[in-house]
């Protein structure tokens, strides 16, 4: 029986490959990182597969590079690369990360509204607060998470009001009267808050989608409060099915309690599929990818993630239970790492390889049919509304996803064969917000 609705499928665009150190593989095009042609080729693959969107993360510091990890490095500053990709694509959504910690609402509102116009309605904003990089902006002490989220909440409110400061019908192009804009349909917002003072209105027409699509990633209390208030999509790290079902139910209830339609907020966990025509072929590929992981750099990376000194721990030892903190402020990913180390008994070596593959998300080695089985099971069990596809290596790993996994889901009726509309909101099945 055909499902009533299909999955949301986006891809986390990390040209170096989501599996750490997979750039060491032959054919990785690692020499081209930062260039447009490489990322444009990957985006063309995603669009040919009819994915909803490409999603660019961003960090504004080189700390990970200094620890030997280039995977998450901001080779592709989101707004510039998405503007370039808007000219080379037609249907696929273009979602970029911009931090509320390092920008101003007026600038960000203009950039995203401009991207929405340049792409004819395909722009999205991944809302993040930042916990690192402040020293690059002249800030010595990282603000407390509660302060960062208060700033983010005010920031998003101001941006939305700026996007709504032009009515949909404000442009009249009246050649006879000489009036291009009906100025009565523009309004100042006159915002004065804890962090920002913004007069408004914005200096460009309302965007084709009304507002760009908003996505957010954050499983802490303040993160979930912000996301359930404003986001259209929620990116989340959920490596295990039952906790994902619990998260899904809790989040949808929070959305409903705020007077919003839970169906209008999509829950999108990440998955890293390592694909082969047989199970053995997939496992051999997983083992090959694991062989590229630099254990010395991995030790530093895991230590940084867990805020521990692991320099004296042997690779075949497990991190002692006493080293872990019970402080909930350490974050949801910290708890995932703790579960894998303490409850599942992973050694440091196993933890380094596991986190190289997943960074807290689920991963799976198998045939396209086997991976599709799991994705459908999660979708039907209300553990998610779809997935953010993390390509283990590029371009080959992403080609396997687009050529083998996505068609498997299409054949089963769980994903589209053609785009439904011309905007990202159309393809996600979201209503257009009114001004």
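Just so you know, all these numbers are worked out from the coordinates, no wet-lab data involved. Since we're looking at a predicted model, the values are computed, not measured. Glycine gets a Cβ as well: all are built from the backbone with ideal geometry, and neighbour counts include every protein chain shown.
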Could you list 278, 64, 347, 11 in order of exposure, starting from the residue whose Cβ has the fewest other Cβ atoms within 10 Å? 278, 347, 64, 11
Length added when fully stretched, residue 44-residue 104, from 0.36 nm per residue minus Cα-Cα: 18.4 nm
Helix 279-291 versus the longest principal axis of the chain: what is the Cα-based angle in degrees, 0 to 90, to the nearest 10? 90 degrees
Of the listed values (1) 22.3; (2) 23.4; (3) 19.6, grab the one calculated as mean projected area of the Cα convex hull in nm² from the structure here. (1)
What do you get for the angle between helix 241-257 and the principal long axis of the chain? Use alpha-carbon atoms, 0 to 90 degrees, nearest ten. 20 degrees
What is the packing order of peptides 151-159, 164-172, taking the mean over residues of other C-beta atoms within 10 Å and listing the highest first? 151-159, 164-172
What is the helix-to-structure angle for 368-380, meaning the angle in degrees between its Cα long axis and the longest Cα principal axis of the chain, kept from 0 to 90 and rounded to the nearest 10? 60 degrees
Want the number for residue 190 to residue 432: 0.36 nm per residue separation, take away the alpha-carbon distance, what's left? 84.7 nm
Going by the alpha-carbon gyration tensor, a ≥ b ≥ c the square roots of its eigenvalues, is segment 25-153 rounded (a/c under 1.5) or, if a/c is not under 1.5, prolate (a/b greater than b/c) versus oblate? oblate
May I have the convex hull volume per residue, in Å³, for the Cα set of segment 234-363? 130 Å³
Sort out for me the Cα centre separation of segment 46-87 from segment 290-306, rounded to whole Å. 22 Å
Quick one: if you stick a label point 7 Å off each Cα along the C-beta vector at residue 5 and residue 147, how many nm between them? 4.0 nm
